[in-house]
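As structure tokens, the structure follows; a few thoughts come after it.
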Amino acid sequence: MVKSIQKQLGSLLLKMTGWTVEGSYPDRQSIIIVAPHTSNWDFIYFLFLCMKWEKLGSVMWIGKHTLFRGPFKSILTAMGGKPVNRKKNNNIIRIVTNHLKDDPSMCFALAPEGTRSYTNHWKKGFYRMAQRSGLPIAFAFIDFKDRRIGIGPSLDVTGDQEQDWDVIRNFYRKEWAAYPDQFSDMRY
């Protein structure tokens with residue numbers, strides 16, 4: 001019953017905000033990269049997508065520890081969130097890969113840009129997580145230009161970073177950020 005309500009609410013919220021859903025949720029455990037990430041709305045629309053696909057709470061994600069305070073802590077945790085203090089060395093790759101080993105039904109989603117502001121490169125942790133865990137990288141996208149959101153193809157990492165990053169760049173090159181000047185360079 002709760003899943004059905006989640007699906008209906010996610011579908012309604014995406015429809016009301018003018019988004020078209022494309023692709024599908026990965027059929028196996030994956031590292032899901034979500035890009036571009038230039039607005040707080042990116043996260044909210046991705047949550048709506050997870051609701052539509054009845055996956056809210058089944059996708060682990062990390063967020064600034066300062067968000068996980070008061071009543072928000074239990075809400076964000078129930079939605080799959082894990083707090084992280086970005087000023088500390090948390091060994092996130094090890095922690096996430098251990099969580100994924102413990103729960104094979106769980107996927108992990110993150111914004112490889114690491115911030116909504118422009119940076120000269122994407123963070124590499126998602127790639128190392130995929131290598132360490134043997135999981136594919138699924139490409140989630142938020143296209144503000146055409147109001148499309150979804151998850152496209154997946155990439156089984158080869159270990160050849162240059163080749164793999166070319167595949168990632170070629171996929172995301174056509175997607176449009178809410179603030180294109182803030183979309184970070186996809187360098188490894």
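The values are calculated or read from the model by the stated rules, or taken from the named source; none is laboratory data. Please read these numbers as outputs of a predicted model, since none were measured by experiment. For neighbour counting, all protein chains shown are included, and Cβ atoms are generated from backbone atoms with ideal geometry for every residue, glycine included.
Assorted remarks:
- Qualifying residue in the range 107-118 (condition: of a type in the set (Ser, Thr, Tyr) and free of Cβ contacts under 8 Å to residues at least 24 places away in the same chain): no
- Within the range 155-169, the set of residues being touching a Leu at 6+ places or on another chain (Cβ under 9 Å), of a type outside the set (A, V, I, L, M) and surrounded by 14 or more Cβ atoms within 10 Å (Cβ to Cβ) comprises ASP164 only.
- Here ASP164, ASP156, ASP143 are screened, and the one residue that is under 16 Å from VAL34 (Cα atoms) and of a type in the set (Asp, Glu) is ASP143.
- Residue match in the range 79-98 (condition: surrounded by 12 or more Cβ atoms within 10 Å (Cβ to Cβ), in contact with an Asp or Glu (Cβ under 9 Å, 6 or more places away or on another chain) and not in a strand (DSSP E or B)): no
- Qualifying residue in the range 119-130 (condition: farther than 27 Å from SER11 by Cβ, surrounded by 14 or more Cβ atoms within 10 Å (Cβ to Cβ), of a type in the set (D, E, K, R) and in contact with a helix residue (DSSP H, G or I) (Cβ under 8 Å, 6 or more places away or on another chain)): yes
- Count - residues of the range 70-103 that are β-branched (Val, Ile, Thr) and more than 16 Å from the chain's Cα centre (by Cα): 2
- Verdict on LYS73 being over 25 Å from TYR25 (Cα atoms) and either at pLDDT 90 or above or assigned to a strand (DSSP E or B) (or both): yes
- Boolean, ASN40 is in contact (Cβ under 8 Å) with a residue 12 or more places away in the chain and surrounded by fewer than 13 Cβ atoms within 10 Å (Cβ to Cβ): yes
- Residue count, the range 45-65 (criterion: in a helix (DSSP H, G or I) and either at pLDDT 90 or above or surrounded by 21 or more Cβ atoms within 10 Å (Cβ to Cβ) (or both)): 8
- The C-beta contact set for the range 6-19 (first residue in a helix (DSSP H, G or I), second residue at pLDDT 95 or above and of a type in the set (Val, Ile, Thr), distance under 8 angstrom, 6+ apart or interchain) comprises LEU14/VAL21; LEU14/ILE149.
- The set of residues from the range 28-44 being in a loop (DSSP other than H, G, I, E, B) and farther than 20 Å from HIS99 by Cβ comprises PRO36, HIS37, THR38, SER39.
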